[in-house]
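One structure below.
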Amino acid sequence: MIRLARRRMAPDAALLREAELRAEKVVSILRIFVALGLMVVFFLAVGEPPAEIADFLRKQWIFAILSMVSYLLLGVFSLWLARSGRFRRWMVWPVVTLDCLFMLVNAWVGLENVSMPGALTFLLPPTWLVPVVLAFAVLRFNPYLQAYCVALIVGGLGYLSFVSDVTVSPEIANRLKHLVSVPPNIVRLTMILLAGVVLVVAAAALRDLLHRALIETEKRLLLTRYLPARLANRVQGENLDDMRQEQRQDMGVMFVDIRGFTSWAEGRDPAEVGGFVTEYRIRVQKAARETGGMVDKFIGDGAMLLFDGEGAPHRALDCARRLSDEMYDWSDARQKEGRSAVHVGIGLHWGEVFSGVVGDEDRLEYTALGDTVNIAARLEQMTKTCEMEIIVSDAVLEAAGEPAREDWIALEPAPLRGRSQPLALFGRKERMREPGVA
């Protein structure tokens, strides 16, 4: 019927969870890549400092190296969590916080070490990590996390920028010259390059997620053509082995069949027969949809409907009445057009069934089995001999809470194959129409 992949949770949740876990692995690898890239550029670009500022630069370098090593270890640790299956969704918040703090703490230490005012914060190379940190947040597909990251960065940099007055002494001015020299600028360009790489990865991840979401949507739409719509999401959202486990549950089972269809269809144009069957099925599906039933299957001119859940017996009876009305109106319209009338037989029973999905990953089919299904089919066949349009068992009326039987004709209890006791039955005749057979 349709090829399916196994799913252990709702399709959308499974897809998002898979994307988040994959994103965390990618971010961890990129974090390692950024730390190693900064280390390489740092050692290649930074030479021997001038003697007059050697002390303060060496302190800055030592802290920068320790920071990059710590960031590398954070990337290694988060990658281990993701690959080992220990990563949990809540962990992304402290990890993003550490990403932001890595940049903010480096900027603060730079200000303290150079003794420069906060207004000059943006001259420091660490502030150029902002695009990288924001790009990491984009990869998480979480707007709330992104907003938190933006608020933390803006709040932190804003605080650093206004923490002191703008007072620049000649000594500080001499130090500042080296913050805009070639080596720091190489580091800044490297950070922009790294941010661009992360954004390229983010764009590729978003495109892949969109592509897979479109595929899942297409699968779901195709699946509803082969399985009852109410079951399509369940089949995608559960493990196939779990779906194969049959369940015992009480259900209303209904069979509907067109009278005289075979003789009517004989010798007719296939297009006419196909159009007739399509109109018939549309009406059956409409009645099922309006009463919360499931069309389990169509077999030629017959249909099997299932009703479970709250109020199922009452909804099953309501569906039988709606089907009768639908067929009456359709038959009346056909007769006015000079075509033949439509007659159907409806059998309905309530009881325990075994329900579940059968088949493999290439072909799945939902089914309900058991004595209840067999009895419902026999009741539909009895509508021919009893000259009734609808025959229901007493079990349906009792389960629906309809002790009064005024609207139903009591039939002779019928002995059914496989049952020791006759079954109490009730019927309803078809409303009178002009003679004719569809």
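A compact table of results
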{"read-out": "Full-stretch length increase - PHE33, ALA151 - with 0.36 nm per residue and alpha-carbon distance subtracted", "value": "39.9 nm"}
{"read-out": "Estimated FRET transfer efficiency (ARG83, VAL182; beta-carbon r; R0 41 Å; 0.05)", "value": "0.55"}
{"read-out": "Heavy atoms of LYS25 accessible to a 1.4 Å probe, total area in Å² rounded to 10", "value": "70 Å²"}
{"read-out": "P(r) of segment 285-348 over all Cα-Cα pairs, binned every 5 Å from zero, in whole percent", "value": "4, 18, 25, 24, 15, 9, 4, 2, 0"}
{"read-out": "Efficiency of FRET between ARG58 and PHE141 - r from beta-carbon atoms, R0 25 angstrom, step 0.05", "value": "0.05"}
{"read-out": "Per-residue SASA entry for TRP93, accessible area with 1.4 Å probe, Å² rounded to 10", "value": "90 Å²"}
{"read-out": "Theoretical gain in end-to-end length, GLN335 to ALA271 [0.36 nm per residue, Cα-Cα removed]", "value": "21.1 nm"}
{"read-out": "Normalised convex hull volume, segment 249-358, alpha-carbon set, Å³ per residue", "value": "105 Å³"}
{"read-out": "Label point 7 Å beyond Cα of LYS286 along Cβ direction - residues of segment 314-349 with amide nitrogen under 13 Å", "value": "322-334"}
{"read-out": "Solvent-accessible area of ILE215 with every protein chain in place, 1.4 Å probe, in Å² to the nearest 10", "value": "60 Å²"}
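The values are calculated or read from the model by the stated rules, or taken from the named source; none is laboratory data. On a predicted model such as this, the values are computed, not experimentally measured, just so you know. Using ideal geometry, Cβ is built from the backbone for each residue, glycine included, and neighbour counts are taken over all protein chains shown. For the accessible areas, the whole protein counts, side chains as well, though only heavy atoms, and no ligand, DNA or RNA atoms are used. Shrake-Rupley method; radii C 1.70, N 1.55, O 1.52, S 1.80 Å.
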